[in-house]
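For reference, the structure discussed in these notes is given below.
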Amino acid sequence: MMKTRYLGLLLMAPLLLAAAPSSSRYASIPGGIFKSVLDYEDSGGKVQLKPYQLMRRPVTNAEFLDFVRANPTWQRGKVPVVFAESRYLQSWAGPLQLGGKAKPQQPVVEVSWFAADAYCQSIGARLPTWAEWEYAAAADETRRDARQDPAWRERILSWYSRPSNTPLGNVGAAPANAYGVQDLHGLVWEWTEDYASMLVSGDSREQKAEDRLKFCGAGAIGMDDRENYAVLMRVAMLSALEADDVTANLGFRCALAKP
Amino acid sequence: MRRLFVLLLTVSLAFLAAAAAPLPGDSVLRVPANFKDQDGKAFTLAQRRGGVQLVTMFYSSCPYACPLIIDTGKGIDHALTPAERAKLRVLLLSLDPARDTPAKLGAVVAKRKIDTARWTLGTTDASGVRQTAAVLGIRYRQLANGEFNHSSVMILLDADGRILARTEKIGAQPDPEFLAAVRKALRT
């Protein structure tokens, strides 16, 4: 308990954080070969991941407020519309005020991919790739890959059935998974660096010739593991987004290569 | 004489004001990436402001659709009158920062006999590629063998870098609707 509180203090004090080892904000994830839910023809659905670090929690409103204070071009009303649509941070009381609808410890939402990318770059990090996100999100509290457990799937799915107008919880309220990462499921959707790579078609074998021509190279994609609805919904959602889009339950966290 | 001076002053002030005005909020030229062209010369997208241009993304080792993307630009060039053509610039940006060095782009220019007075090939870093693809709505993924799977598209920008039209009909035979949009943009 003391430790959690100490960590919370560190997160709220960027100056202290800068002096502390980055491991306090990030969990180390070992690399490995991973069977992704995205079954690409060229890779057979197998992804080789190098070791990386992933933020333990999604970025909060308080953290994002610090970022827009230091980087005025990313403030609401100043950000060019090409980088973020008009609903960018619209729940905040003002460009530099959170207010009652955006509590400091809630995950930041209504951020575009460009804004998420800029935030991570501002702290020397980057957005995780989809594979990095999916790999970490396959874990439950005790197992690194819990995906075949129907009870695990059921629990994640129950989140998606909650009405979307329910206020978001604070970050860090759910138990950490086997890597020490929290809130990968059950709180918000998250941007990935390569969201634009998710060229999903329902069934690549039914793809018409003219559709194939839209893409250079025929690296078709299918969906492996059709039972894993919760993760498939994420893929469907990300693949439908443009980089300037924002939604009321789409946030992000950052990643780093292993030092 | 004095009147001429005032006129000249007014014109040059107007020109300076236009050059110094910030890009519109919906301009794709706002992407802050740093590019190098086929001659190794550095440029930014903001420096491409002024005049209508076509833009797309490709990679030089692409065996299949990318030659068609170059054909698309050439097909449009070919369909225009010489006066129209002289006003149109074409920008081909690489998706492949690891392999597409300026020298590689130069080789494409030589092989495809590209007129670099109006056409520019550019390469940037991985982050710049992601940002550029994102503003252009181009989806891409690197395959296990190093090739890329990507949207094949040609995009028309106005002088300030706003997207006027796009086509996914690629090849030497221009998409009539897209060609009409190019002509219209060149008239204004």
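The residues of the stretch B:164-180 that are among the aliphatic types (A, V, I, L, M) and surrounded by 17 or more Cβ atoms within 10 Å (Cβ to Cβ), listed by number, are B:ALA165, B:ILE170, B:LEU179. Taken over the stretch A:22-76, the criterion of being assigned to a strand (DSSP E or B) and of a type in the set (Lys, Arg) is satisfied by A:LYS35, A:LYS46.
Let's see how each residue does on (1) in contact (Cβ under 8 Å) with a residue 40 or more places away in the chain; (2) within 14 Å of another protein chain (Cβ to nearest Cβ):
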{"site": "B:THR72", "(1), (2)": "yes, yes"}
{"site": "B:ALA79", "(1), (2)": "yes, no"}
{"site": "B:ALA86", "(1), (2)": "no, no"}
{"site": "B:LEU95", "(1), (2)": "yes, yes"}
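Within the stretch B:121-129, one or more residues are buried (at least 20 other Cβ atoms within 10 Å of the Cβ), polar (S, T, N, Q), closer than 28 Å to B:ALA42 by Cα and away from every other protein chain (no Cβ under 13 Å).
Among B:ASN145, B:ASN149, which is the only one that is facing chain A (nearest Cβ under 7 Å), modelled with pLDDT under 95 and assigned to a loop (DSSP other than H, G, I, E, B)?
Numbers: B:ASN149 fails: assigned to a loop (DSSP other than H, G, I, E, B).
Just one listed residue meets the conditions, B:ASN145.
Going by what's in this entry, would B:ILE138 be described as over 21 Å from A:SER239 (Cα atoms), touching a helix residue (DSSP H, G or I) at 6+ places or on another chain (Cβ under 8 Å) and within 14 Å of another protein chain (Cβ to nearest Cβ)? So B:ILE138 does not fit the description; no.
Could you identify the single residue in B:ARG99, B:ARG89 that is touching a Lys or Arg at 6+ places or on another chain (Cβ under 8 Å), more than 22 Å from A:PHE114 (Cβ to Cβ) and not small (Gly, Ala, Ser)?
After applying the criteria, what remains is B:ARG89.
I'd like to check something: does the stretch A:155-177 contain any residue that is within 18 Å of A:TYR52 (Cα to Cα), out of contact with any Cys (no Cβ under 8 Å at 6 or more places or on another chain) and modelled with pLDDT of 95 or more? Yes, the stretch A:155-177 contains a residue that is within 18 Å of A:TYR52 (Cα to Cα), out of contact with any Cys (no Cβ under 8 Å at 6 or more places or on another chain) and modelled with pLDDT of 95 or more.
Let's see how each residue does on (1) in contact with a helix residue (DSSP H, G or I) (Cβ under 6 Å, 6 or more places away or on another chain); (2) assigned to a helix (DSSP H, G or I); (3) within 14 Å of chain B (Cβ to nearest Cβ):
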| position | (1), (2), (3) |
| --- | --- |
| A:GLN121 | no, yes, yes |
| A:TRP133 | no, yes, no |
| A:THR142 | no, no, no |
| A:ARG147 | no, no, no |
| A:GLU154 | no, yes, no |
| A:SER158 | no, yes, no |
| A:SER164 | no, no, no |
| A:LEU168 | no, no, no |
| A:ASP183 | no, no, no |
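Would you mind stating whether A:GLY186 is at pLDDT 95 or above and under 29 Å from A:VAL68 (Cβ atoms)?
no
Here the stretch B:18-66 is the region considered, the condition is being crowded, with 19+ Cβ neighbours inside 10 Å and in a helix (DSSP H, G or I), and the residue that is farthest from the other protein chains (Cβ to nearest Cβ) is B:ARG48.
Give me a count of the residues in the stretch B:125-142 that are of a type outside the set (Lys, Arg) and either more than 21 Å from B:LEU164 (Cβ to Cβ) or in a loop (DSSP other than H, G, I, E, B) (or both).
9
Looking only at the stretch A:111-143, residues that are over 21 Å from A:LEU65 (Cβ atoms), in contact with an Asp or Glu (Cβ under 7 Å, 6 or more places away or on another chain) and of a type in the set (S, T, N, Q) come to 1 in all.
Only a single criterion out of (1) touching a helix residue (DSSP H, G or I) at 6+ places or on another chain (Cβ under 9 Å); (2) aliphatic (A, V, I, L, M); (3) surrounded by 22 or more Cβ atoms within 10 Å (Cβ to Cβ) is not satisfied by B:LEU105, namely (1).
The values are calculated or read from the model by the stated rules, or taken from the named source; none is laboratory data. Being a predicted model, the structure only gives us computed values, none of them experimental. So basically every Cβ, Gly included, is an ideal-geometry build from the backbone, and we count neighbours across all protein chains shown.
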